[in-house]
Amino acid sequence: MMIDEIKELIQNGEKIDVEFKESKHALTKDVFDTVCSFNNRNGGHILLGVNDQREIIGVIKNKVDKVIKDFTTSINNPQKMYPPLYLTPEVFDIDGKIVIYIRVPEGYQVCRHNGRIWDRSYEGDVNITDRAELVYKMYGRKQGSYFVNKVYPNLDMDFLDVSIIDKAKKMAMARNKNHVWEKMDYEEILRSANLILTDPETKREGITLAAILLFGKDNSIMSVLPQHKTDAIFRVENKDRYDDRDVVITNLIDSYDRLIKFGQKHLNDLFVLDGMVNVNARDRILREIVSNTLAHRDYSSGYPAKMIIDDEKITVENSNLAHGMGALDLQKFEPFPKNPAISKVFREIGIADELGSGMRNTYKYTQLYSGQNPLFEEGDIFRTIVPLKKIATKKVGGDDESRNIPQDATQAKEKIIEFIKAEVRLNNKITRQAIAEHIGISVKTIQRLLKEIDNLKYIGRGKNGHWELEE
């Protein structure tokens, strides 16, 4: 964590995963309730030396060591915090005042503080010990993450592809040159990511299913999870079967790359403005939907995951441990992590962000890309539907590079003109309105561009006329 990131947390205020405690002279006792609730929910950030009004009051310098010692002693004490947690507070000097930052991860077991179970909501820490239904649901959430934490004590590092671990390490360091993985060996990286655990039944230690899915050799993955598969399908011309297909059965890091490239191959990189800034909306959408389906699917299910691209939409389906049913509301939905160990690695290497951000980003970039809203359907099968404009899958030119419309405005205009000509070749009676709708820009823009196409003329008047294009 960097000082700028700490300042941003403070500026944004307390929320479901951020809590401020003054702790100026001594540790605030209710900090342990917050540690427990964060660990039981989705993890979070605790800042000591900051009040509820977002003011940095600072921890007294000669009290810092005692505050940290009291904190670490308590969370390591199974009589006080169970299971005990091993957290490392960080000390920051911000404008001459000391702030202590504590990152609390999401736990894989239900956490108790002094025998009480705490959960986190937007209102703060909630004691749910005597609320049987909420406790039951919490255990259900935790159980949902256990499958990929299955331990294989008899499998050693030979079952993993160390070149993929190296790849992940480089990706993490590209985001943060001082990343903690820099000086770690392979085993230390796995341990830091909770990919080496102890089997609770045999008490033997080993790599987890999540480690094999992320970094395993292909035959290792198939030996422990033969149902692992993502089916990528492009279906525009051949509606009954497909025009292109890629069956992806490799590790999750390479699976991500394969699925992204499949999407880029078959979806045009449209010229899109976010305000005054040109953005690659296509790739942002692909990043969110691909990382989501890989990180959050129920790997215990035999249901094959799918990414289907047709001329109207992208549909992504994967098996799911549902926490509700029906369409999700962006304003009301509450995200639940399905495979925290996988999600953690995805965040470290930069192919995923904080839990819940993927849905918001998909909304934003789908609106920019197609002018419509995506649909998220929760159930035993989680389904994401991203609507598309016709231009998104329309092929212009003879190679795959034609799907990457140049980002320079002049080149983009030339590419749109090519699309106009393609529309006219397909239907010489097509209206300006229909061209605009197919391409996804305004009628006024179409009318302006038509005047710039010297070899394209409209013969006749109104509906009785037609286009003539001199090749």
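Please treat every number below as a calculation from the coordinates, not as lab data. From a predicted model like this one, the values you see are computed outputs, not experimental measurements. When we count neighbours, we look across all protein chains shown, and the Cβ atoms used for this are built from the backbone with ideal geometry, even at glycine.
Place the peptides 340-350, 422-432, 162-172, 86-96 in order of packing, highest mean first, counting for every residue the other Cβ atoms within 10 Å and averaging per peptide.
Taking the mean over residues of other Cβ atoms within 10 Å, the ranking is 340-350, 162-172, 422-432, 86-96.
Mind scanning Lys415/Lys444; Lys313/Lys421; Lys97/Lys364; Lys167/Lys239; Lys69/Lys338; Lys137/Lys313 and naming the pairs with a C-alpha gap bigger than 27 Å? Walk me through the intermediate numbers first.
Numbers: Lys415/Lys444 17 Å; Lys313/Lys421 24 Å; Lys97/Lys364 38 Å; Lys167/Lys239 38 Å; Lys69/Lys338 34 Å; Lys137/Lys313 34 Å.
Distance filter (> 27 Å) returns Lys97/Lys364; Lys167/Lys239; Lys69/Lys338; Lys137/Lys313.
Starting from the Cα of Glu470, move 7 Å in the Cα-to-Cβ direction to define the label point; list residues of the range 414-438 whose amide nitrogen is under 14 Å from there. The answer is none, because no backbone nitrogen lies closer than 14 Å to the label point. The shape of the range 89-207 can be summarised by an equivalent ellipsoid whose semi-axes, obtained from the alpha carbon gyration tensor, come to 31, 26, 12 Å from longest to shortest.
Taking a straight line from the alpha carbon of Lys429, these aspartates and glutamates sit under 16 Å away, with near neighbours fewer than eight places off in the same chain left out: Glu437, Glu468, Glu470.
Hey, with R₀ at 25 Å, roughly what FRET efficiency would Glu188 and Lys61 work out to, going by the Cβ-Cβ distance, to 0.05?
According to the calculation, E is roughly 0.15.
Couplings 3J(HN,Hα) of the range 170-184, computed from phi: 5, 5, 5, 6, 5, 7, 8, 5, 9, 4, 4, 6, 3, 9, 8 Hz, in residue order, whole Hz [Karplus 6.51 cos²θ - 1.76 cosθ + 1.60, θ = phi - 60°; x for Gly and Pro]. When the alpha carbon coordinates of the chain are projected onto the principal axes, the ranges are 87, 53, 45 Å, largest first.
Taking Cβ atoms as reference points and 13 Å as the exclusive limit, the residues near Ile446 contribute a net charge of +3, counting Lys and Arg as +1 and Asp and Glu as -1.
Shape descriptor for the range 3-142: Rg over Rh equals 0.97 (Cα atoms; Rh from the Kirkwood inverse mean 1/r). Highest-first packing order for the peptide set 13-22, 445-454, 57-66 is 13-22, 57-66, 445-454, based on the mean count of other beta carbon atoms within 10 Å. Counting every Cα pair in the range 151-224, what percent are over 20 Å apart? It works out to 30 percent of all Cα pairs. Average projection, convex hull of the Cα set of the range 237-312: 6.5 square nanometres.
Order the peptides 300-306, 228-234, 283-289 from the highest to the lowest mean number of other Cβ atoms within 10 Å of their residues.
283-289, 228-234, 300-306
Kirkwood radius and radius of gyration were both taken over the C-alpha atoms of the range 230-392, and their ratio Rg/Rh is 0.94.
Summing charges over neighbours of Gly43, with a neighbour being any other residue whose Cβ is under 11 Å away from its Cβ, gives +2 when K and R count +1 and D and E count -1. The mean sequence separation of alpha-carbon pairs under 8 Å and at least six residues apart, normalised by the residue count of the range 151-224, gives a relative contact order of 45 percent.
Against the chain, whose longest principal axis is taken from its Cα atoms, helix 252-266 shows a tilt of about 20°. Computed on the range 230-392, with alpha-carbon pairs under 8 angstrom and 6+ residues apart, the relative contact order is 25 percent. For Ala305, the amide hydrogen comes within under 5 Å of the amide hydrogens of Lys229, Asp231, counting only partners 5 or more places away or on other chains and with H modelled in the peptide plane. Computed from Cα atoms, the angle from the helix 64-75 axis to the main principal axis of the chain rounds to 90 degrees. Each Lys or Arg adds one and each Asp or Glu takes one away; over the other residues whose Cβ falls under 13 Å from the Cβ of Asn318, this sums to -1. Using C-alpha pairs below 8 Å separated by at least 6 residues, the relative contact order for the chain is 10 percent.
The angle between the Cα long axis of helix 357-370 and the longest principal axis of the Cα atoms of the chain comes to about 10 degrees, rounded to the nearest 10.
Ordering Leu388, Ser163, Val151 by Cα displacement along the dipole of the chain toward the positive end leaves Leu388 in first place; charges were set at the Cβ atoms of Lys, Arg (+1) and Asp, Glu (-1).
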